[in-house]
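Q: Before we start, here is the structure in question, set down as structure tokens.
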Amino acid sequence: MSIARDLQQQIQAAAEALRAGEVVAFPTETVYGLGADASNPAAVRKIFELKGRPANHPVIVHVDDRKHMQRWVRDMTADARALAEKFWPGPLTLVLSRAPAVSDVVTGGQDTVAVRSPAHPIARQLLAAFGGGIAAPSANRYGHVSPTRAEHVKEEFGKALKIVLDGGDCKVGVESTIVSCVGDAPRLLRPGSITLSQLRAVAPNLLTGPDPAAIRTPGSTPRHYSPRTPVNLVPSRRLVDVMREFTDESERVAVLSLRPPSTANKFMTWINAGTRADHYARNLYANLRTLDRIGAKVILVEEVPAGESWDAIRDRLKRAATKDSEVREHEVAMEEVGFEGDVI
Ligand code: TXA
Ligand code: MG
């Protein structure tokens with residue numbers, strides 16, 4: 001049996017599993033998703049159980065075509081239409097007012113819903129074979145690093161997950177750009193590979209920064225996308241000195257850098273991720289997983305350049321590096337403003 005034919009059969013099997021209310025993992029161009037039938041609340045609940053994710057966190061509904069949007073979205077605004085026209089299928093998620101039939105399990109009880117039409121051919125074939133919307137967060141346990149290879153998904157869930165469609169390495173490597181199109185002007189909620197200027201070329205009035213009226217975005221809580229090893233962000237000029245502070249004490253240290261190492265050191269594992277933002281992003285989560293495995297005292301991450309092509313990377317690194325004490329401070333601050341969800 002040819003590999004392509006085998007994959008077709010796996011996609012059909014995955015679509016059947018979705019129809020039966022099961023959870024399947026599939027590749028998208030950004031990261032792997034953990035999918036369930038978006039119109040079956042019991043199935044979507046299984047995603048939350050598997051991930052260990054709090055129930056009030058909304059998930060993205062993946063759709064194959066704008067034609068079926070009215071099942072999910074009440075009002076496709078002019079900005080949303082223009083953005084979808086330009087960037088779909090692709091790594092853009094739009095937050096819109098929800099259609100009445102959308103389950104609270106999908107929206108986290110909010111009156112909005114996030115939708116995205118992914119570009120990955122396997123995701124598209126799965127959507128076509130299934131015929132409905134697929135609710136899917138990233139296929140990692142809650143708070144962990146997102147998966148960009150099928151083997152990462154298997155590392156996360158092992159035997160608990162029967163179907164993992166293998167699409168190789170994800171091309172983008174960081175999660176989709178999220179734009180909210182409810183409210184007076186569109187707002188960037190999560191940076192991704194589509195840059196601010198690309199978005200503003202289509203929606204010139206696009207705002208950035210957190211929406212004071214909507215703070216329940218798990219990706220927007222401070223600590224996320226985190227390896228188990230502590231991550232420290234270090235300015236380029238201090239990188240080698242900070243590294244030596246550890247290795248001089250015979251402590252293992254992992255380094256994610258933009259350049260090759262200037263010296264060898266037996267206590268050091270150094271990854272040169274290069275200076276191209278697209279390559280850096282594609283390998284980011286695999287690199288963090290690799291460095292997390294070596295059992296180092298710390299992962300030192302060289303600060304990345306200024307410039308909007310690095311925005312999504314900077315955002316994810318900042319979240320990975322947030323210390324527990326900062327998370328606790330944030331929790332206290334959120335309690336003071338009446339936030340009831342979980343932080344991390
Ligand atoms: O690239 C991606 O977006 C990947 C792939 C699998 O499509 N998915 C992904 O899903 O990153 P997840 O659940 O890990 O992150 C989705 C983000 C969360 O931060 C969630 O809070 C936000 O989307 N979100 C979902 N529904 C929302 C809504 N109604 N309003 C605001 N944010 C929402
Ligand atoms: Mg995620």
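Q: Taking a ≥ b ≥ c as the square roots of the Cα gyration tensor eigenvalues, with a/c under 1.5 meaning rounded and otherwise prolate when a/b beats b/c, else oblate, which class fits region 1-84?
A: Oblate.
Q: What full-extension length gain, to one decimal in nm, is calculated for Arg259 and Lys154 as 0.36 nm per residue of separation minus the Cα-Cα distance?
A: Length difference between fully extended and current span is 34.7 nm.
Q: With each pseudo-label sitting 7 Å past Cα toward Cβ, what's the Asp169-Asp184 distance in nm, one decimal?
A: Modelled inter-label distance: 4.5 nm.
Q: Follow-up. At 0.36 nm per residue, minus the direct Cα-Cα distance, what do Lys46 and Ala101 gain on full extension? Give it in nm, one decimal, please.
A: 17.8 nm
Q: I've got another one for you. Measuring from label point to label point, each 7 Å out along Cα→Cβ, what is the Arg237 to Asp65 span in nm?
A: 5.8
Q: Ok, one more. Ratio to report: Rg/Rh of the chain, with Cα atoms as the point set and Rh obtained by the Kirkwood method; give two decimals.
A: Across the chain, the Cα-based Rg/Rh ratio is 0.97.
Q: Diagonalise the Cα gyration tensor of region 134-185 and give the resulting equivalent ellipsoid semi-axes, square root of 5 times each eigenvalue, largest first, whole Å. If you can, show how the numbers build up before the last one.
A: Numbers: eigenvalues 138, 33, 22 Å².
Square roots of five times the eigenvalues give 26, 13, 10 Å.
Q: Could you work out the relative contact order of the chain, using alpha carbon pairs under 8 angstrom and six or more residues apart, expressed as a whole percent?
A: With pairs under 8 Å counted, the relative contact order is 18 percent.
Q: Taking only Cα atoms, what is the 0 to 90° angle, nearest 10, from helix 41-51's long axis to the longest principal axis of the chain?
A: 10
Q: Sticking with this structure for a sec: Report the calculated FRET efficiency for Phe267 and Leu207 (r = Cβ-Cβ distance, R0 = 41 Å), to the nearest 0.05.
A: 0.35
Q: Return the long-range amide H neighbours of Leu189 (sequence gap of 5 or more, or a different chain), with a cut-off of under 5 Å between placed amide H atoms.
A: Ile178, Val179, Ser180
Q: Ranked highest first by the average count of other Cβ atoms within 10 Å around their residues, in what order do 140-150, 276-286, 172-182 fall?
A: Packing proxy ranking, top to bottom: 172-182, 140-150, 276-286.
Q: Among the listed pairs Lys46/Lys86; Lys67/Lys318; Lys159/Lys266; Lys154/Lys297; Lys51/Lys318; Lys86/Lys154, give every one whose C-alpha distance is greater than 31 Å.
A: Pairs exceeding 31 Å: Lys46/Lys86; Lys67/Lys318; Lys159/Lys266; Lys86/Lys154.
Q: Shifting gears a bit: What relative contact order, as a whole-number percentage, does region 235-287 give when Cα pairs under 8 Å and 6 or more residues apart are counted?
A: Worked out over region 235-287, it gives 27 percent.
Q: Moving on to the next point. With only alpha-carbon pairs counted, each pair once and no self-pairs, how large is the Kirkwood hydrodynamic radius of region 231-321 in angstroms?
A: One over the average 1/r among Cα pairs gives 13.1 Å for region 231-321.
Q: Can you tell me the dipole magnitude for region 231-321 around its Cα centre, using point charges on the Cβ only (Lys, Arg +1; Asp, Glu -1), in Debye to the nearest 20?
A: Once rounded to the nearest 20, the dipole reads 220 debye.
Q: Divide, for region 3-202, the radius of gyration over alpha carbons by 2.2 N^0.38 Å, where N is the residue count.
A: Numbers: Rg = 15.6 Å, N = 200, 2.2 N^0.38 = 16.5 Å.
Relative to the rule-of-thumb radius for its length, region 3-202 sits at 0.95.
Q: Something else: Using Cα pairs closer than 8 Å and at least 6 residues apart in sequence, work out the relative contact order for region 3-202, in percent.
A: 31
Q: Label Thr290 and Ala82 with points 7 Å out from Cα along Cα→Cβ: what is the distance between them in nm?
A: Placing both labels 7 Å along Cα→Cβ, they lie 4.2 nm apart.
Only the coordinates and a few stated rules stand behind these numbers; no lab work does. Fair warning: this is a prediction, and the values are worked out from it, not measured in the lab. Note that each Cβ is placed from the backbone with ideal geometry, even for glycine, and that neighbours are counted across all protein chains shown.
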